[in-house]
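Written below as structure tokens is the structure these notes are about.
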Amino acid sequence: MPTNRSYSKANKARAVLDVPYINIMNLTLAPGDEVPSHTTPVDVLLHVIAGEGSITIGPETARVATGDIVVSPAHIPHTLEANAGSDFSVLVMKIPNPKKGAS
């Protein structure tokens, strides 16, 4: 059984836009990497921009690929995992920006 590796925020996530009403990050996971289960205080829109992987929201897991969009509601645990074959890039959009608050 393959062992998943947790992602390192320092070298895998890049800020795209960080304003009061939205925070957008470009997250890239290497094959087999995962973002461990966590919650956010706001809704999160996940847009797959490259590769394939799985996104788990609460008890449900969906296989996703380039072009897919998934919404994770606030306060619901979610996890992202890259397939073994390629990098998995996702635009992660938090609405509103939980760090700045909506104006």
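FYI, it's all coordinate maths here, none of it is from the lab. This is a predicted model, so every value here is computed, not measured. Virtual Cβ from ideal backbone geometry, glycine too; neighbours counted across all protein chains shown.
Quick look at the numbers
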| quantity | calculated |
| --- | --- |
| Intensity falloff of the chain expressed as log10 I(q)/I(0), Debye formula with alpha-carbon point scatterers, at q = 0.11, 0.19, 0.23 Å⁻¹ | -0.30, -0.91, -1.30 |
| 5 angstrom amide H check on V42, placed H, neighbours 5+ away | H75 |
| The range 32-41 - phi-based ³J(HN,Hα) in whole Hz, Karplus 6.51/-1.76/1.60, Gly and Pro as x | x, 6, 9, 9, x, 4, 7, 10, 10, x |
| Packing-based ranking, highest mean first, of 72-78, 50-56 given that Cβ atoms within 10 Å are counted | 50-56, 72-78 |
| Placed amide H near I22: partners under 5 Å, 5+ positions off or other chain | N97 |
| Extended-chain gain in nm, criterion 0.36 nm per residue less alpha-carbon gap, N26 and I76 | 15.9 nm |
| 12 Å beta-carbon shell around R63, net charge (K/R +1, D/E -1) | -4 |
| Calculated FRET efficiency for the pair D87/T61, C-beta based, R₀ 25 Å, to 0.05 | 0.80 |
